[in-house]
Amino acid sequence: MATNSIKQRPLSSQTSADPTADTGLKLTSLEPHPAGAVRHGVVRETLQVLLISLYFFISAVSVHGAQFIGSPLYFINKDWYYAYMAMTKQSFGILVTSMTYWWSPTLIRISGDASVRGQLRKGADGRFESTFPSRMILVANHQIYTDWLYLWWAAYSNAPHTMHGHVYIILKESLKYIPVIGPAMVFYGFIFMSRKWGNDEPRLRYRLQKLNSRHSHPMSGDSIQSRAGKPSLDPMWLMIFPEGTNLSENGRKGSAKWAEKSDQPDLRHALLPRSTGLQFCLQELKPSVDWVYDCTIAYEGIATGQFGQDIFTLRSTYFQGRPPKSVNMYWRRFWVGDIPVGDKNAFDKWLLERWREKDELLEQYVQTGRFPADDGSDRLTTNGNGAAGKGVAAAGAGYIETEVRPRQPLEFLQIFSPVAATVLLINVIWKLWAIFGRANMGAAAAV
């Protein structure tokens, strides 16, 4: 196996080959759905479609409207502009969290290895909480389009500082042109890639330089420095899917084709990763980011050779009441200083080794229905230099079983507050204008 000269896997292309040749399995209408029978009749499903569509549309328009309302801040005070946009990004995080809680409830099972010991816990209210850093690069395998939703929820669940207002995602450029959603993502500072490195490199460099810049505002990274008026780095979870696309029939064929071409075995439950973008991000952000966090995601009910996107569709998950019976997340982290970001071949090998480990984790999940879980403990020293001293015990969380749930029942109202406040203000100004206008007209007529 030629691992010393691993090359970047190219983007998979459409092929006209027999769709069953490589994967074999595809859920048909005659096979039972892994989430069970349809839970809603035609009337209920129709109402569900209308209600979800209405809520999402009104919420998305409200979020985008709030972005436009705050956009003049860019020309007045950029620090306050970035803080305001982070607030609107929080609103979108609340939107996807509330939608999942109301219409697609499912069990979330979380575990991790010893590297995240003490950073995963279940709160007193049953909600998941993590204590991940405020700046990191987050990589994950890409099973279904909803992967980003659950990762955004993980950012929402971080404590003591929530991170759902500081998520940045690297996406394919075509998504930028989706009405309402596309322009909103541009406001959020998401990074769009054409998958032509000559075009993408300067664009990516520019966006990463912005993520390395310092600001002084209430939502910047160091609140003490911000209150003192000193600039600090903004919080940032940069989300990257190194596979480049979600696991699908075409993606599977493209990965197998590249494995054959580069003389290496293909993966069973994931796609061979592409390294160029991630390596560039690490090189640019290394001075300000200490950790790469890795999340392996698996959905209950997807058999080997099947693809989640064909089973847990939008209709199945949200409209028919058939979400996955469980969504499983396995966390680990890697110190950036230990990653060979300066050597192309060494980095390719490092990333491939992480993805083969991920493939083994997914194989274990397929065989047992669970990822491994850390339930050990160790001692963490209280002093910052790592010298021996009185420590605090850090225990592995084992398995955390929870659900996607908002903190407060009425938290979703935050989505509409900027637009509602603006409408009320305009209404007051209009009425005052009308009152004083009539008074002035009356005074002029009296004269």
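The values are calculated or read from the model by the stated rules, or taken from the named source; none is laboratory data. Predicted model only: the values in this text are computed from it and were never measured. Glycine also receives a Cβ, built like all others from the backbone with ideal geometry; neighbour counts cover every protein chain displayed. When the accessible area is computed, the model is the full protein with side chains, heavy atoms only, and any ligands, DNA or RNA have been set aside. Shrake-Rupley method; radii C 1.70, N 1.55, O 1.52, S 1.80 Å.
Return the carbon/sulfur percentage of the accessible area of the stretch 54-199, one whole number, probe 1.4 Å, all protein chains in place.
Values: 3640 of 5560 Å².
Accessible surface attributable to carbon and sulfur in the stretch 54-199 totals 65 percent.
Heavy atoms of the protein only, probe of 1.4 Å, neighbouring chains included. What is the accessible area of residue 412 in Å², nearest 10?
Its heavy atoms expose roughly 50 Å² to the probe.
Explain nothing, just compute: Karplus ³J(HN,Hα) = 6.51 cos²θ - 1.76 cosθ + 1.60, θ = phi - 60°, for every residue of the stretch 201-206 in order, whole Hz, x for Gly and Pro.
These are the phi-based 3J(HN,Hα) values: 4, x, 5, 5, 4, 4 Hz.
Using the Karplus curve 6.51 cos²θ - 1.76 cosθ + 1.60 with θ = phi - 60°, work out ³J(HN,Hα) for each residue of the stretch 137-150 in order, rounded to whole Hz, and write x for Gly and Pro.
9, 10, 10, 7, 6, 10, 8, 9, 4, 7, 3, 5, 5, 6
Largest first, what is the accessible-area ranking of 102, 331 with a 1.4 Å probe? If you can, show how the numbers build up before the last one.
On the way: 102 95, 331 0 Å².
Putting 102, 331 in descending order of accessible area: 102, 331.
Over 29 Å between Cα atoms, which of 325/358; 78/196; 172/257 qualify?
Details: 325/358 22 Å; 78/196 31 Å; 172/257 22 Å.
With Cα atoms farther than 29 Å apart: 78/196.
What does the C-alpha gyration tensor say about the overall shape of the stretch 22-173? Classify as rounded when a/c is under 1.5, otherwise prolate if a/b is larger than b/c, or oblate.
On the way: a/c = 1.91, a/b = 1.28, b/c = 1.49.
Taking the square roots of the gyration eigenvalues as a ≥ b ≥ c, the stretch 22-173 is oblate.
Could you go through the stretch 292-300 in sequence order and give the Karplus-derived ³J(HN,Hα) for each residue, using 6.51 cos²θ - 1.76 cosθ + 1.60 with θ = phi - 60°, rounded to whole Hz, and x for Gly and Pro?
Per-residue couplings from phi come out as 9, 9, 10, 10, 9, 10, 9, 10, 5 Hz.
Report the accessible area of residue 234, computed with a 1.4 Å probe over the heavy atoms of all protein chains in place, in Å² rounded to the nearest 10.
Approximately 20 Å² for this residue.
About the Cα centre of the stretch 179-338, what is the dipole size in debye to 20, counting +1 per Lys and Arg Cβ and -1 per Asp and Glu Cβ, all else neutral? Each step should come with its number before you reach the end.
Numbers: 21 positive and 15 negative charges, 69 e Å.
Charge dipole, the stretch 179-338, about its Cα centre: 340 debye, nearest 20.
Send over a whole-number figure in Å² for the accessible area per residue of the stretch 106-257, probe 1.4 Å. Before the final figure, lay out the partial values.
On the way: 5830 Å² over 152 residues.
Ligands and nucleic acids excluded, the result is 38 Å² per residue.
How high is the relative contact order of the stretch 225-312? Use alpha-carbon pairs under 8 Å, at least six apart in sequence, and give a whole percent.
Details: 41 pairs, mean separation 26.9, N = 88.
Computed value for the stretch 225-312: 31 percent relative contact order.
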